[in-house]
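Only one structure is covered here, and it is reproduced in the block below.
The values are calculated or read from the model by the stated rules, or taken from the named source; none is laboratory data. Bear in mind that the values here come from a model prediction, so they are computed numbers and not experimental data. Neighbour counts run over all protein chains shown; Cβ positions are idealised from the backbone, glycine included. Just the protein is used for accessible areas: all its heavy atoms, side chains included, with ligands, DNA and RNA removed. Shrake-Rupley method; radii C 1.70, N 1.55, O 1.52, S 1.80 Å.
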Amino acid sequence: MDNQKRLLEEVMADLYRILPTLNVVSKKLEDEMYPSEHLDADTQFMIRELRSLGYQHIDKLVSQLRYLQKEVYYEGLLYINGNGRYEVDGQELASGSVIEVWSERFDESAQWHIVRIEHSNLHGGYYAYQWPELKLEGLKARVRH
């Protein structure tokens, strides 16, 4: 097995092992820790910084790990169906649908990218929120559940 693939599997196993702890930390930061006037300035500072870290990074890490744990259920080409929505492998997508598309981005070679489908008349209908200029029609896509 390629060394990078083996290392990836080790890192993913480590991350999945600590996922329950990350969930507990995130919950404590969100629900139980608040800076208050009766605390000294250093304690208030630490609580604010940790809460910010939780919102910006821990929650995102937990969310992405949960997403990556899901299996790919549908894979195929994206096309607009009779309802005017994108569809992949017979599954209609709506605003808020998270999918992966196989495409080039910037100077990269083709690879999978996670995008969220949204709708806006400014973008001519449904589009990839993170990458609005991307033409979705005909792209290879997959959906995890």
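With θ taken as phi - 60° and the Karplus curve 6.51 cos²θ - 1.76 cosθ + 1.60 applied, the whole-hertz 3J(HN,Hα) list for the stretch 10-17 is 5, 5, 4, 4, 4, 5, 5, 5 Hz, x standing for glycine and proline. Rolling a 1.4 Å probe over the protein heavy atoms gives the chain an accessible area of 68 Å² per residue. For residue 93, the amide hydrogen comes within under 5 Å of the amide hydrogens of 86, 87, 88, counting only partners 5 or more places away or on other chains and with H modelled in the peptide plane.
Which percent of the Cα-Cα distances in the stretch 58-105 go past 13 Å? Tail of the P(r) past 13 Å holds 65 percent of the pairs.
Contact order for the chain, expressed relative to its length and based on alpha carbon pairs under 8 Å spaced 6+ residues apart, stands at 20 percent.
Our coupling estimate for the stretch 111-126, obtained by passing each phi through the Karplus curve with A = 6.51, B = -1.76, C = 1.60 and θ = phi - 60°, is 6, 6, 9, 7, 9, 10, 7, 9, 10, 7, 5, 4, 9, x, x, 6 Hz, Gly and Pro reported as x.
For residue 27, the aspartates and glutamates whose Cα comes closer than 13 Å to its Cα, not counting residues fewer than 8 places off in the same chain, are 59. Projected onto planes of every orientation and averaged, the convex hull of the alpha-carbon atoms in the stretch 94-145 covers 3.6 nm².
Accessible surface comparison of 31, 89, probe 1.4 Å, protein chains only, largest first: the order is 89, 31. Packing around the peptides 121-127, 23-29, taken as the average count of other Cβ atoms within 10 Å per residue, puts them in this order, highest first: 23-29, 121-127.
Accessible area ranking (1.4 Å probe, heavy atoms, ligands and nucleic acids excluded), largest first, for 10, 37: 37, 10.
Expressed as a whole percent, the accessible surface of the stretch 23-118 that belongs to carbon and sulfur atoms is 50, based on a 1.4 Å probe. At 37 °C and 0.692 mPa s, grab the translational diffusion coefficient of the chain from Stokes-Einstein with a Kirkwood Rh over Cα pairs, rounded to a whole number in µm² per second. So the translational diffusion coefficient is about 181 µm²/s.
Each label was represented as a point 7 Å from its Cα along the Cα-to-Cβ direction; for residue 6 and residue 41 these points are 5.3 nm apart.
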